[in-house]
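Colleague: Just dropping this structure here.
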Amino acid sequence: MNLEKNTPLERLYNGIVKENPTLVIVLGMCPTLAVTTSAMNGIGMGLSTTVVLALANLFISLLRNVIPDDIRIPSFIVIIASFVTMVDMLMQAYTPELYKSLGIYIPLIVVNCIIFGRAEAYAYKNKPLASFFDGIGMGLGFTASITVIGFVRELIGSGAVFGHTVGNLPDYSPTIFVMAPGAFMVLATLITIRAYIINRIEEKSGVRLAVTHTDEEGANCSACAFRDNCAGKFEKVEKMMAEKEKEKEGKA
Amino acid sequence: MNEEMNLMSVTSNPHIRDNWTTQKIMMHVIIALMPATLFGVWHFGAYTIAVILVTVISAIFFEFMYEKLLKLPITIGDCSAALTGLLLALNMPPRIPLWICVIGAFVAIVLVKQLFGGLGQNFMNPALGARCFLVISFASYMTNFAYDTYSGATPLAQLKAGELVNTFHMVVGNEMGTIGEVSVLAIVIGACYLILLGIIDLTIPGTYIVTFVIFWCIFGGKGIDPYYITGQLAGGGLMLGAFFMATDYVSSPITFKGRVIFGILLGILTGVFRVFASGAEGVSYAIIISNLFVPLIERWAPLKCFGYVKPEKGGDKK
(Lines give C-alpha, C1' and ligand atoms only; values in the text may rest on other atoms or scores of the structure.)
Protein backbone atom coordinates (compact mmCIF):
# COMPACT_ATOMS: atom_id res chain seq x y z
CA MET A 1 0.00 0.00 0.00
CA ASN A 2 1.46 3.33 -1.01
CA LEU A 3 0.14 6.03 1.24
CA GLU A 4 1.46 9.54 1.55
CA LYS A 5 3.57 9.90 4.66
CA ASN A 6 2.27 11.46 7.87
CA THR A 7 -1.35 11.68 6.76
CA PRO A 8 -4.02 10.48 9.22
CA LEU A 9 -4.88 7.39 7.16
CA GLU A 10 -1.24 6.40 6.74
CA ARG A 11 -0.70 6.76 10.50
CA LEU A 12 -3.68 4.52 11.27
CA TYR A 13 -2.46 1.86 8.82
CA ASN A 14 1.06 2.17 10.23
CA GLY A 15 -0.11 1.65 13.81
CA ILE A 16 -2.50 -1.20 13.17
CA VAL A 17 -0.66 -3.24 10.54
CA LYS A 18 2.81 -2.07 9.64
CA GLU A 19 4.33 -1.21 13.01
CA ASN A 20 1.84 -2.91 15.28
CA PRO A 21 3.19 -2.07 18.76
CA THR A 22 2.57 -5.54 20.23
CA LEU A 23 3.29 -7.88 17.35
CA VAL A 24 6.03 -6.00 15.50
CA ILE A 25 7.78 -3.55 17.81
CA VAL A 26 7.04 -5.81 20.81
CA LEU A 27 6.59 -2.92 23.23
CA GLY A 28 4.29 -2.67 26.23
CA MET A 29 4.78 -6.33 27.13
CA CYS A 30 3.78 -5.84 30.76
CA PRO A 31 0.05 -5.17 30.16
CA THR A 32 0.11 -7.47 27.10
CA LEU A 33 1.12 -10.46 29.18
CA ALA A 34 -0.50 -9.59 32.48
CA VAL A 35 -4.04 -8.39 31.82
CA THR A 36 -5.00 -10.51 28.82
CA THR A 37 -6.64 -13.28 30.82
CA SER A 38 -9.92 -12.44 29.07
CA ALA A 39 -10.99 -10.65 25.89
CA MET A 40 -12.92 -8.01 27.87
CA ASN A 41 -9.80 -7.11 29.86
CA GLY A 42 -7.93 -6.77 26.58
CA ILE A 43 -10.48 -4.36 25.13
CA GLY A 44 -10.64 -2.32 28.33
CA MET A 45 -6.89 -2.06 28.68
CA GLY A 46 -6.43 -1.36 24.97
CA LEU A 47 -9.02 1.41 24.73
CA SER A 48 -7.89 3.19 27.88
CA THR A 49 -4.32 3.10 26.55
CA THR A 50 -5.56 4.40 23.18
CA VAL A 51 -7.21 7.42 24.80
CA VAL A 52 -4.06 8.26 26.77
CA LEU A 53 -1.85 7.62 23.74
CA ALA A 54 -3.85 9.86 21.39
CA LEU A 55 -4.22 12.76 23.83
CA ALA A 56 -0.63 12.54 25.09
CA ASN A 57 0.64 12.49 21.51
CA LEU A 58 -1.51 15.48 20.60
CA PHE A 59 -0.37 17.60 23.55
CA ILE A 60 3.27 16.62 23.32
CA SER A 61 3.19 17.55 19.65
CA LEU A 62 1.52 20.87 20.42
CA LEU A 63 4.10 21.64 23.08
CA ARG A 64 7.08 20.25 21.17
CA ASN A 65 8.55 23.68 20.45
CA VAL A 66 8.15 24.77 24.09
CA ILE A 67 9.58 21.71 25.83
CA PRO A 68 13.37 22.03 26.27
CA ASP A 69 15.32 19.07 24.94
CA ASP A 70 17.10 18.35 28.22
CA ILE A 71 14.00 17.80 30.29
CA ARG A 72 11.72 16.30 27.67
CA ILE A 73 11.30 12.95 29.42
CA PRO A 74 10.04 14.45 32.72
CA SER A 75 7.75 16.71 30.70
CA PHE A 76 6.35 13.72 28.82
CA ILE A 77 5.74 11.96 32.13
CA VAL A 78 3.80 14.92 33.49
CA ILE A 79 1.60 15.10 30.39
CA ILE A 80 1.05 11.34 30.23
CA ALA A 81 0.40 11.05 33.97
CA SER A 82 -2.28 13.76 33.82
CA PHE A 83 -4.23 11.85 31.18
CA VAL A 84 -3.73 8.54 32.94
CA THR A 85 -5.12 10.03 36.15
CA MET A 86 -8.18 11.25 34.24
CA VAL A 87 -8.74 7.87 32.63
CA ASP A 88 -8.16 6.15 35.97
CA MET A 89 -10.82 8.25 37.71
CA LEU A 90 -13.29 8.01 34.84
CA MET A 91 -12.97 4.23 34.77
CA GLN A 92 -13.35 4.01 38.52
CA ALA A 93 -16.57 6.01 38.23
CA TYR A 94 -18.22 4.50 35.16
CA THR A 95 -16.76 0.96 34.73
CA PRO A 96 -16.01 -0.16 38.30
CA GLU A 97 -15.96 -3.86 37.43
CA LEU A 98 -13.41 -3.49 34.64
CA TYR A 99 -11.45 -1.11 36.84
CA LYS A 100 -11.27 -3.77 39.53
CA SER A 101 -10.12 -6.54 37.20
CA LEU A 102 -7.42 -4.37 35.58
CA GLY A 103 -6.23 -3.16 38.98
CA ILE A 104 -2.74 -1.73 39.15
CA TYR A 105 -2.29 -1.86 35.36
CA ILE A 106 -4.41 1.27 34.81
CA PRO A 107 -2.07 3.59 36.81
CA LEU A 108 0.84 1.74 35.23
CA ILE A 109 -0.16 3.08 31.79
CA VAL A 110 2.01 6.05 32.82
CA VAL A 111 5.13 4.02 32.22
CA ASN A 112 3.84 2.12 29.18
CA CYS A 113 6.67 1.82 26.66
CA ILE A 114 4.37 2.36 23.68
CA ILE A 115 3.30 5.80 24.92
CA PHE A 116 6.87 6.83 25.69
CA GLY A 117 8.08 5.37 22.44
CA ARG A 118 5.57 7.29 20.35
CA ALA A 119 6.13 10.50 22.29
CA GLU A 120 9.87 10.30 21.81
CA ALA A 121 9.97 8.85 18.29
CA TYR A 122 7.00 10.54 16.69
CA ALA A 123 5.01 13.20 18.54
CA TYR A 124 8.05 15.21 19.59
CA LYS A 125 9.09 15.59 15.95
CA ASN A 126 5.81 15.81 14.04
CA LYS A 127 2.72 17.95 13.62
CA PRO A 128 -0.26 17.70 16.01
CA LEU A 129 -2.83 16.16 13.63
CA ALA A 130 -0.50 13.42 12.41
CA SER A 131 0.64 12.74 15.99
CA PHE A 132 -2.96 12.47 17.17
CA PHE A 133 -3.76 9.89 14.50
CA ASP A 134 -0.47 8.13 15.16
CA GLY A 135 -1.62 7.72 18.75
CA ILE A 136 -5.02 6.42 17.66
CA GLY A 137 -3.46 4.02 15.15
CA MET A 138 -0.93 2.67 17.64
CA GLY A 139 -3.62 2.42 20.30
CA LEU A 140 -5.97 0.51 18.02
CA GLY A 141 -3.14 -1.79 16.94
CA PHE A 142 -2.40 -2.45 20.61
CA THR A 143 -6.10 -2.94 21.39
CA ALA A 144 -6.60 -5.36 18.49
CA SER A 145 -3.56 -7.48 19.41
CA ILE A 146 -4.26 -7.76 23.11
CA THR A 147 -7.95 -8.42 22.50
CA VAL A 148 -7.04 -11.33 20.25
CA ILE A 149 -4.54 -12.61 22.84
CA GLY A 150 -7.19 -12.25 25.55
CA PHE A 151 -9.80 -13.97 23.40
CA VAL A 152 -7.55 -16.97 22.65
CA ARG A 153 -6.39 -17.30 26.26
CA GLU A 154 -9.95 -17.04 27.59
CA LEU A 155 -11.27 -19.57 25.08
CA ILE A 156 -8.53 -22.15 25.65
CA GLY A 157 -7.79 -21.50 29.31
CA SER A 158 -11.24 -21.08 30.81
CA GLY A 159 -13.52 -22.24 27.99
CA ALA A 160 -15.37 -18.95 27.68
CA VAL A 161 -16.04 -16.29 25.05
CA PHE A 162 -16.37 -12.75 26.47
CA GLY A 163 -17.23 -14.17 29.86
CA HIS A 164 -19.87 -16.63 28.62
CA THR A 165 -18.84 -20.25 29.10
CA VAL A 166 -19.17 -22.49 26.07
CA GLY A 167 -21.05 -25.68 26.98
CA ASN A 168 -18.96 -27.89 29.25
CA LEU A 169 -15.70 -26.74 27.66
CA PRO A 170 -14.30 -25.48 31.01
CA ASP A 171 -14.01 -29.12 32.16
CA TYR A 172 -11.51 -29.72 29.38
CA SER A 173 -9.62 -26.41 29.55
CA PRO A 174 -5.91 -26.36 30.33
CA THR A 175 -5.88 -23.60 32.95
CA ILE A 176 -2.21 -22.92 32.25
CA PHE A 177 -3.43 -20.62 29.45
CA VAL A 178 -4.89 -18.09 31.86
CA MET A 179 -1.61 -18.15 33.81
CA ALA A 180 1.69 -16.54 32.85
CA PRO A 181 3.12 -19.34 30.62
CA GLY A 182 -0.02 -19.30 28.48
CA ALA A 183 0.43 -15.58 27.78
CA PHE A 184 3.91 -16.19 26.38
CA MET A 185 2.73 -19.14 24.26
CA VAL A 186 -0.20 -17.24 22.74
CA LEU A 187 1.86 -14.09 22.13
CA ALA A 188 4.62 -16.05 20.39
CA THR A 189 2.10 -17.92 18.25
CA LEU A 190 0.38 -14.68 17.20
CA ILE A 191 3.68 -13.01 16.28
CA THR A 192 4.53 -16.05 14.18
CA ILE A 193 1.16 -16.15 12.44
CA ARG A 194 1.28 -12.41 11.67
CA ALA A 195 4.81 -12.65 10.28
CA TYR A 196 3.83 -15.68 8.20
CA ILE A 197 0.79 -13.98 6.67
CA ILE A 198 2.63 -10.72 5.97
CA ASN A 199 5.57 -12.61 4.44
CA ARG A 200 3.27 -14.62 2.18
CA ILE A 201 1.44 -11.51 0.97
CA GLU A 202 4.73 -9.71 0.37
CA GLU A 203 6.21 -12.58 -1.58
CA LYS A 204 3.11 -12.90 -3.72
CA SER A 205 2.47 -9.23 -4.41
CA GLY A 206 5.99 -7.87 -4.15
CA VAL A 207 4.70 -4.95 -2.12
CA ARG A 208 6.43 -4.19 1.15
CA LEU A 209 3.87 -4.27 3.96
CA ALA A 210 6.09 -4.54 6.99
CA VAL A 211 8.52 -1.95 8.36
CA THR A 212 11.01 -0.62 5.86
CA HIS A 213 13.87 1.30 7.30
CA THR A 214 16.80 2.52 5.35
CA ASP A 215 19.92 4.27 6.44
CA GLU A 216 18.58 7.50 4.96
CA GLU A 217 15.77 7.45 7.50
CA GLY A 218 18.35 7.31 10.26
CA ALA A 219 17.65 3.71 11.21
CA ASN A 220 21.25 2.55 10.86
CA CYS A 221 20.19 -0.65 9.11
CA SER A 222 23.58 -1.62 7.76
CA ALA A 223 24.91 -2.05 11.30
CA CYS A 224 22.01 -4.21 12.45
CA ALA A 225 22.45 -7.92 13.16
CA PHE A 226 18.97 -8.72 11.85
CA ARG A 227 19.48 -7.00 8.54
CA ASP A 228 19.06 -10.18 6.52
CA ASN A 229 15.72 -10.91 8.11
CA CYS A 230 14.39 -7.40 7.92
CA ALA A 231 15.51 -4.92 5.33
CA GLY A 232 17.76 -7.32 3.46
CA LYS A 233 14.97 -9.80 2.98
CA PHE A 234 12.89 -7.28 1.13
CA GLU A 235 15.77 -6.49 -1.14
CA LYS A 236 15.94 -10.18 -2.02
CA VAL A 237 12.21 -10.23 -2.77
CA GLU A 238 12.59 -7.17 -4.94
CA LYS A 239 15.40 -8.82 -6.85
CA MET A 240 13.28 -11.94 -7.31
CA MET A 241 10.39 -9.88 -8.61
CA ALA A 242 12.66 -8.05 -11.03
CA GLU A 243 14.04 -11.34 -12.34
CA LYS A 244 10.55 -12.75 -12.81
CA GLU A 245 9.50 -9.71 -14.78
CA LYS A 246 12.59 -10.02 -16.93
CA GLU A 247 11.72 -13.65 -17.62
CA LYS A 248 8.22 -12.65 -18.61
CA GLU A 249 9.54 -10.00 -20.91
CA GLY A 250 11.97 -12.49 -22.40
CA LYS A 251 9.17 -14.96 -23.11
CA ALA A 252 6.98 -12.30 -24.64
CA MET B 1 28.22 -48.58 1.06
CA ASN B 2 29.01 -51.06 3.79
CA GLU B 3 29.85 -50.18 7.35
CA GLU B 4 33.60 -50.44 6.96
CA MET B 5 33.53 -47.99 4.08
CA ASN B 6 31.40 -45.70 6.20
CA LEU B 7 34.04 -45.70 8.91
CA MET B 8 36.80 -44.92 6.43
CA SER B 9 35.16 -42.17 4.38
CA VAL B 10 36.82 -38.77 4.46
CA THR B 11 34.69 -36.24 6.28
CA SER B 12 35.08 -33.38 8.69
CA ASN B 13 35.21 -34.17 12.39
CA PRO B 14 34.15 -36.07 14.48
CA HIS B 15 36.44 -38.79 13.11
CA ILE B 16 35.94 -41.52 15.69
CA ARG B 17 32.64 -43.25 15.11
CA ASP B 18 31.10 -46.33 16.60
CA ASN B 19 28.01 -48.35 16.00
CA TRP B 20 25.80 -46.52 18.47
CA THR B 21 22.92 -44.76 16.76
CA THR B 22 20.15 -42.64 18.23
CA GLN B 23 17.69 -45.39 17.43
CA LYS B 24 19.74 -48.05 19.26
CA ILE B 25 20.16 -45.90 22.38
CA MET B 26 16.48 -45.03 22.45
CA MET B 27 15.53 -48.70 22.04
CA HIS B 28 17.80 -49.68 24.94
CA VAL B 29 16.27 -46.99 27.16
CA ILE B 30 12.79 -48.25 26.22
CA ILE B 31 13.87 -51.80 27.11
CA ALA B 32 15.28 -50.52 30.40
CA LEU B 33 11.94 -48.90 31.19
CA MET B 34 10.08 -52.16 30.59
CA PRO B 35 10.38 -53.54 34.17
CA ALA B 36 8.85 -50.35 35.59
CA THR B 37 6.19 -50.31 32.85
CA LEU B 38 5.22 -53.94 33.31
CA PHE B 39 5.13 -53.55 37.07
CA GLY B 40 2.86 -50.51 36.69
CA VAL B 41 0.51 -52.44 34.39
CA TRP B 42 0.46 -55.42 36.78
CA HIS B 43 -0.05 -53.23 39.82
CA PHE B 44 -2.66 -50.79 38.49
CA GLY B 45 -4.60 -52.99 36.08
CA ALA B 46 -5.39 -53.15 32.38
CA TYR B 47 -6.51 -49.52 31.98
CA THR B 48 -2.87 -48.43 32.23
CA ILE B 49 -2.15 -50.33 28.99
CA ALA B 50 -4.58 -47.97 27.26
CA VAL B 51 -2.90 -44.94 28.89
CA ILE B 52 0.56 -46.06 27.76
CA LEU B 53 -0.54 -46.99 24.22
CA VAL B 54 -2.50 -43.78 23.66
CA THR B 55 0.36 -41.60 24.92
CA VAL B 56 3.04 -43.38 22.89
CA ILE B 57 0.98 -43.54 19.69
CA SER B 58 -0.13 -39.92 19.89
CA ALA B 59 3.47 -38.81 20.55
CA ILE B 60 4.60 -40.62 17.40
CA PHE B 61 1.58 -39.27 15.50
CA PHE B 62 2.27 -35.63 16.48
CA GLU B 63 5.95 -35.96 15.56
CA PHE B 64 4.98 -37.41 12.19
CA MET B 65 2.30 -34.80 11.49
CA TYR B 66 4.49 -31.87 12.51
CA GLU B 67 7.35 -32.99 10.29
CA LYS B 68 4.97 -33.83 7.45
CA LEU B 69 3.27 -30.41 7.60
CA LEU B 70 6.55 -28.51 7.74
CA LYS B 71 8.13 -30.74 5.07
CA LEU B 72 10.96 -31.78 7.39
CA PRO B 73 12.68 -35.18 7.32
CA ILE B 74 10.49 -37.68 9.17
CA THR B 75 12.32 -38.79 12.32
CA ILE B 76 9.82 -41.10 13.98
CA GLY B 77 12.16 -43.99 13.12
CA ASP B 78 14.70 -42.94 15.75
CA CYS B 79 12.25 -43.95 18.51
CA SER B 80 12.79 -40.74 20.46
CA ALA B 81 9.10 -39.82 20.15
CA ALA B 82 8.11 -43.27 21.37
CA LEU B 83 10.47 -42.91 24.34
CA THR B 84 9.09 -39.46 25.18
CA GLY B 85 5.57 -40.87 25.01
CA LEU B 86 6.49 -43.80 27.25
CA LEU B 87 8.20 -41.57 29.84
CA LEU B 88 5.19 -39.25 29.85
CA ALA B 89 2.82 -42.20 30.31
CA LEU B 90 4.91 -43.46 33.23
CA ASN B 91 4.45 -40.02 34.81
CA MET B 92 0.65 -40.22 34.64
CA PRO B 93 -1.66 -41.28 37.46
CA PRO B 94 -3.15 -44.75 36.78
CA ARG B 95 -6.72 -43.56 36.05
CA ILE B 96 -5.98 -40.49 33.94
CA PRO B 97 -8.59 -39.74 31.22
CA LEU B 98 -7.20 -40.59 27.78
CA TRP B 99 -7.78 -37.13 26.27
CA ILE B 100 -5.32 -35.69 28.78
CA CYS B 101 -2.74 -38.18 27.48
CA VAL B 102 -3.25 -36.83 23.96
CA ILE B 103 -2.86 -33.20 25.11
CA GLY B 104 0.26 -34.19 27.05
CA ALA B 105 1.79 -35.88 24.02
CA PHE B 106 1.04 -32.79 21.92
CA VAL B 107 2.73 -30.48 24.42
CA ALA B 108 5.76 -32.76 24.79
CA ILE B 109 6.37 -33.26 21.08
CA VAL B 110 5.21 -30.02 19.46
CA LEU B 111 5.62 -27.34 22.12
CA VAL B 112 8.71 -28.51 23.98
CA LYS B 113 10.58 -30.47 21.32
CA GLN B 114 9.72 -29.65 17.71
CA LEU B 115 9.17 -25.90 17.99
CA PHE B 116 12.72 -25.59 19.30
CA GLY B 117 14.15 -27.64 16.45
CA GLY B 118 13.44 -31.30 17.21
CA LEU B 119 15.62 -33.91 18.87
CA GLY B 120 18.86 -32.44 20.16
CA GLN B 121 17.51 -28.90 20.36
CA ASN B 122 14.91 -29.18 23.10
CA PHE B 123 15.79 -26.99 26.06
CA MET B 124 14.10 -29.23 28.61
CA ASN B 125 13.04 -32.82 28.92
CA PRO B 126 9.91 -33.04 26.72
CA ALA B 127 8.13 -35.63 28.87
CA LEU B 128 8.67 -33.64 32.06
CA GLY B 129 7.81 -30.34 30.39
CA ALA B 130 4.50 -31.88 29.33
CA ARG B 131 3.97 -33.38 32.78
CA CYS B 132 4.37 -29.99 34.44
CA PHE B 133 2.05 -28.44 31.84
CA LEU B 134 -0.57 -31.06 32.73
CA VAL B 135 -0.07 -30.74 36.49
CA ILE B 136 -0.66 -26.99 36.28
CA SER B 137 -3.55 -27.30 33.81
CA PHE B 138 -5.44 -30.32 35.14
CA ALA B 139 -4.41 -30.40 38.78
CA SER B 140 -7.44 -32.37 39.94
CA TYR B 141 -6.87 -35.17 37.41
CA MET B 142 -3.09 -35.26 37.72
CA THR B 143 -3.05 -35.55 41.51
CA ASN B 144 -5.84 -38.08 41.78
CA PHE B 145 -4.04 -41.37 42.31
CA ALA B 146 -7.09 -43.41 43.23
CA TYR B 147 -7.41 -46.73 41.43
CA ASP B 148 -9.89 -49.61 41.80
CA THR B 149 -10.99 -49.52 45.40
CA TYR B 150 -7.87 -47.82 46.70
CA SER B 151 -7.85 -44.13 47.39
CA GLY B 152 -6.02 -41.76 49.63
CA ALA B 153 -2.69 -39.99 49.67
CA THR B 154 0.61 -41.07 48.16
CA PRO B 155 3.24 -42.23 50.68
CA LEU B 156 5.16 -39.01 50.11
CA ALA B 157 2.11 -36.92 51.02
CA GLN B 158 1.56 -39.13 54.07
CA LEU B 159 5.17 -38.56 55.14
CA LYS B 160 4.69 -34.83 54.69
CA ALA B 161 1.54 -34.97 56.82
CA GLY B 162 3.51 -36.75 59.54
CA GLU B 163 1.91 -40.17 59.07
CA LEU B 164 3.86 -43.41 59.06
CA VAL B 165 4.40 -45.43 55.91
CA ASN B 166 5.64 -48.92 55.07
CA THR B 167 9.04 -48.38 53.46
CA PHE B 168 9.29 -51.99 52.34
CA HIS B 169 6.11 -51.63 50.28
CA MET B 170 7.48 -48.41 48.84
CA VAL B 171 10.66 -50.08 47.62
CA VAL B 172 8.82 -53.00 46.06
CA GLY B 173 6.12 -50.77 44.62
CA ASN B 174 2.97 -51.70 46.50
CA GLU B 175 1.80 -48.11 46.89
CA MET B 176 -0.02 -45.20 45.27
CA GLY B 177 1.67 -43.06 42.68
CA THR B 178 2.12 -42.57 38.95
CA ILE B 179 2.29 -45.60 36.68
CA GLY B 180 6.06 -45.81 36.43
CA GLU B 181 7.34 -44.43 39.69
CA VAL B 182 5.90 -46.88 42.21
CA SER B 183 8.46 -49.68 42.12
CA VAL B 184 11.97 -48.59 43.04
CA LEU B 185 13.14 -52.16 42.45
CA ALA B 186 11.95 -52.23 38.82
CA ILE B 187 13.48 -48.82 38.12
CA VAL B 188 16.82 -49.83 39.59
CA ILE B 189 16.85 -53.03 37.49
CA GLY B 190 16.33 -50.92 34.36
CA ALA B 191 18.93 -48.39 35.47
CA CYS B 192 21.51 -51.16 36.05
CA TYR B 193 20.87 -52.37 32.50
CA LEU B 194 21.61 -48.89 31.12
CA ILE B 195 24.68 -48.41 33.33
CA LEU B 196 26.11 -51.81 32.30
CA LEU B 197 25.62 -50.91 28.64
CA GLY B 198 27.32 -47.58 29.26
CA ILE B 199 24.36 -45.53 28.05
CA ILE B 200 24.11 -43.55 31.26
CA ASP B 201 26.75 -43.04 33.91
CA LEU B 202 26.28 -42.67 37.62
CA THR B 203 27.52 -39.08 37.90
CA ILE B 204 24.17 -37.31 37.69
CA PRO B 205 22.00 -39.82 39.59
CA GLY B 206 24.78 -40.30 42.19
CA THR B 207 25.36 -36.62 42.96
CA TYR B 208 21.61 -35.99 42.77
CA ILE B 209 20.72 -38.62 45.35
CA VAL B 210 23.66 -37.88 47.67
CA THR B 211 22.94 -34.14 47.61
CA PHE B 212 19.27 -34.73 48.25
CA VAL B 213 19.99 -37.01 51.22
CA ILE B 214 22.40 -34.46 52.73
CA PHE B 215 19.88 -31.66 52.16
CA TRP B 216 17.12 -33.74 53.71
CA CYS B 217 19.23 -34.59 56.76
CA ILE B 218 20.00 -30.91 57.37
CA PHE B 219 16.66 -29.28 56.59
CA GLY B 220 14.14 -32.15 56.73
CA GLY B 221 13.61 -31.71 60.45
CA LYS B 222 14.06 -35.41 61.20
CA GLY B 223 17.84 -35.56 61.43
CA ILE B 224 19.74 -38.55 60.12
CA ASP B 225 16.99 -41.14 60.31
CA PRO B 226 17.24 -44.09 57.89
CA TYR B 227 13.46 -44.58 57.98
CA TYR B 228 12.69 -41.12 56.65
CA ILE B 229 15.60 -41.13 54.21
CA THR B 230 14.39 -44.40 52.70
CA GLY B 231 10.85 -43.07 52.59
CA GLN B 232 11.94 -39.89 50.79
CA LEU B 233 14.16 -41.74 48.32
CA ALA B 234 11.66 -44.48 47.52
CA GLY B 235 8.64 -42.21 47.43
CA GLY B 236 7.54 -40.16 44.45
CA GLY B 237 9.41 -39.84 41.20
CA LEU B 238 12.92 -39.35 42.57
CA MET B 239 14.34 -42.67 41.34
CA LEU B 240 12.61 -42.51 37.95
CA GLY B 241 13.67 -38.89 37.59
CA ALA B 242 17.27 -39.44 38.69
CA PHE B 243 17.98 -42.38 36.40
CA PHE B 244 15.78 -41.77 33.36
CA MET B 245 14.89 -38.08 33.17
CA ALA B 246 17.88 -36.20 34.56
CA THR B 247 20.27 -38.26 32.44
CA ASP B 248 18.54 -37.27 29.18
CA TYR B 249 21.42 -36.58 26.77
CA VAL B 250 19.96 -33.45 25.25
CA SER B 251 19.05 -31.56 28.40
CA SER B 252 21.98 -32.47 30.69
CA PRO B 253 25.60 -31.19 30.68
CA ILE B 254 28.25 -33.17 28.81
CA THR B 255 31.34 -32.68 30.96
CA PHE B 256 32.00 -34.46 34.25
CA LYS B 257 32.29 -31.20 36.15
CA GLY B 258 29.07 -29.94 34.58
CA ARG B 259 27.25 -33.13 35.52
CA VAL B 260 28.34 -32.88 39.14
CA ILE B 261 27.05 -29.30 39.33
CA PHE B 262 23.84 -30.38 37.59
CA GLY B 263 23.33 -33.25 40.07
CA ILE B 264 23.94 -31.01 43.07
CA LEU B 265 21.51 -28.41 41.72
CA LEU B 266 18.89 -31.14 41.21
CA GLY B 267 19.34 -32.45 44.74
CA ILE B 268 19.06 -29.01 46.32
CA LEU B 269 16.00 -28.01 44.25
CA THR B 270 14.21 -31.29 44.94
CA GLY B 271 14.95 -30.86 48.63
CA VAL B 272 13.69 -27.29 48.62
CA PHE B 273 10.44 -28.31 46.89
CA ARG B 274 9.85 -31.32 49.12
CA VAL B 275 10.72 -29.64 52.41
CA PHE B 276 9.56 -26.06 52.01
CA ALA B 277 6.89 -26.11 49.27
CA SER B 278 3.23 -26.83 49.91
CA GLY B 279 3.15 -29.93 47.69
CA ALA B 280 4.78 -33.22 48.59
CA GLU B 281 6.57 -33.81 45.28
CA GLY B 282 9.08 -31.64 43.44
CA VAL B 283 11.20 -33.89 41.25
CA SER B 284 9.69 -32.85 37.91
CA TYR B 285 9.96 -29.12 38.64
CA ALA B 286 13.50 -29.60 39.95
CA ILE B 287 14.54 -31.36 36.75
CA ILE B 288 13.00 -28.91 34.28
CA ILE B 289 14.36 -25.91 36.20
CA SER B 290 17.82 -27.49 36.25
CA ASN B 291 17.47 -28.18 32.51
CA LEU B 292 17.16 -24.44 32.01
CA PHE B 293 20.47 -23.92 33.82
CA VAL B 294 22.36 -26.36 31.62
CA PRO B 295 23.58 -23.74 29.09
CA LEU B 296 24.96 -21.68 31.99
CA ILE B 297 26.58 -24.72 33.60
CA GLU B 298 28.20 -25.63 30.30
CA ARG B 299 29.65 -22.17 29.95
CA TRP B 300 31.31 -22.59 33.30
CA ALA B 301 32.36 -26.20 32.75
CA PRO B 302 33.17 -26.32 29.03
CA LEU B 303 34.48 -29.26 27.09
CA LYS B 304 38.27 -29.26 27.02
CA CYS B 305 39.70 -28.86 23.54
CA PHE B 306 41.60 -31.86 22.23
CA GLY B 307 45.31 -31.39 22.92
CA TYR B 308 44.74 -28.38 25.15
CA VAL B 309 47.33 -28.04 27.91
CA LYS B 310 46.61 -25.79 30.85
CA PRO B 311 49.24 -23.05 30.93
CA GLU B 312 51.50 -23.29 33.96
CA LYS B 313 51.16 -20.67 36.61
CA GLY B 314 53.92 -18.10 36.70
CA GLY B 315 54.59 -18.28 32.98
CA ASP B 316 57.28 -20.10 31.04
CA LYS B 317 60.48 -20.76 33.04
CA LYS B 318 63.51 -21.06 30.86
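The values are calculated or read from the model by the stated rules, or taken from the named source; none is laboratory data. The structure displayed is predicted, hence computed values, not measured ones. No Cβ is skipped: glycine too gets one built from the backbone with ideal geometry, and neighbour counts run over all protein chains shown. Side chains included, ligands, DNA and RNA excluded: accessible areas come from the protein's heavy atoms. Shrake-Rupley method; radii C 1.70, N 1.55, O 1.52, S 1.80 Å.
Colleague: Which numbered condition trips up A:THR143, out of (1) at pLDDT 90 or above; (2) within 18 Å of A:VAL17 (Cα to Cα); (3) open to solvent by 30 Å² or more (accessible area, probe 1.4 Å); (4) more than 14 Å from chain B (Cβ to nearest Cβ)?
Modeller: (3)
Colleague: Has the stretch B:140-153 got any residue that is more than 14 Å from chain A (Cβ to nearest Cβ), in contact with a Ser or Thr (Cβ under 9 Å, 6 or more places away or on another chain) and buried (at least 24 other Cβ atoms within 10 Å of the Cβ)?
Modeller: no
Colleague: May I pose another question? Inspect all residues belonging to the stretch B:106-117 and state whether any of them is more than 14 Å from every other protein chain (Cβ to nearest Cβ) and surrounded by fewer than 22 Cβ atoms within 10 Å (Cβ to Cβ).
Modeller: yes
Colleague: Give, as residue ranges, the helices (runs of 4 or more DSSP H) completely inside the stretch B:112-206 that count at least 1 residues that are under 15 Å from the mean Cα position of the chain (by Cα).
Modeller: Numbers: elements: B:126-137, B:139-142, B:155-160, B:167-172, B:184-197.
Correct list: B:126-137, B:184-197.
Colleague: Return a yes/no flag: does the stretch A:170-179 have any residue that is more than 14 Å from every other protein chain (Cβ to nearest Cβ) and of a type in the set (Gly, Ala, Ser).
Modeller: No, the stretch A:170-179 contains no residue that is more than 14 Å from every other protein chain (Cβ to nearest Cβ) and of a type in the set (Gly, Ala, Ser).
Colleague: For the stretch A:161-176, check the following and say yes or no: at least one residue is on the phi < 0 side of the Ramachandran plot, in contact with a helix residue (DSSP H, G or I) (Cβ under 6 Å, 6 or more places away or on another chain) and aromatic (Phe, Trp, Tyr).
Modeller: Scanning the stretch A:161-176 turns up no residue that is on the phi < 0 side of the Ramachandran plot, in contact with a helix residue (DSSP H, G or I) (Cβ under 6 Å, 6 or more places away or on another chain) and aromatic (Phe, Trp, Tyr).
Colleague: Select from the stretch B:244-258 the residues that are open to solvent by less than 20 Å² (accessible area, probe 1.4 Å) and part of a helix (DSSP H, G or I) and list them in ascending order.
Modeller: Residues satisfying the conditions are B:PHE244, B:MET245, B:GLY258.
Residue-wise test of (1) among the β-branched types (Val, Ile, Thr); (2) surrounded by 24 or more Cβ atoms within 10 Å (Cβ to Cβ).
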{"position": "B:TYR227", "(1), (2)": "no, no"}
{"position": "B:VAL260", "(1), (2)": "yes, no"}
{"position": "B:ILE268", "(1), (2)": "yes, no"}
{"position": "B:ARG274", "(1), (2)": "no, yes"}
{"position": "B:ALA286", "(1), (2)": "no, yes"}
{"position": "B:VAL294", "(1), (2)": "yes, no"}
{"position": "B:TRP300", "(1), (2)": "no, no"}
{"position": "B:GLY307", "(1), (2)": "no, no"}
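Colleague: Let me ask something else. Identify all residues within the stretch A:156-169 that are away from every other protein chain (no Cβ under 12 Å), more than 15 Å from A:VAL35 (Cα to Cα) and open to solvent by 50 Å² or more (accessible area, probe 1.4 Å); write none if there are none.
Modeller: Answer for the stretch A:156-169, where residues must be away from every other protein chain (no Cβ under 12 Å), more than 15 Å from A:VAL35 (Cα to Cα) and open to solvent by 50 Å² or more (accessible area, probe 1.4 Å): A:HIS164, A:THR165, A:VAL166, A:GLY167, A:ASN168, A:LEU169.
Colleague: Something else about it: Quick check, is A:ARG64 within 23 Å of the chain's Cα centre (by Cα) and among the basic types (Lys, Arg)?
Modeller: Details: within 23 Å of the chain's Cα centre (by Cα): no; among the basic types (Lys, Arg): yes.
Judged against the criteria, A:ARG64 is not a match.
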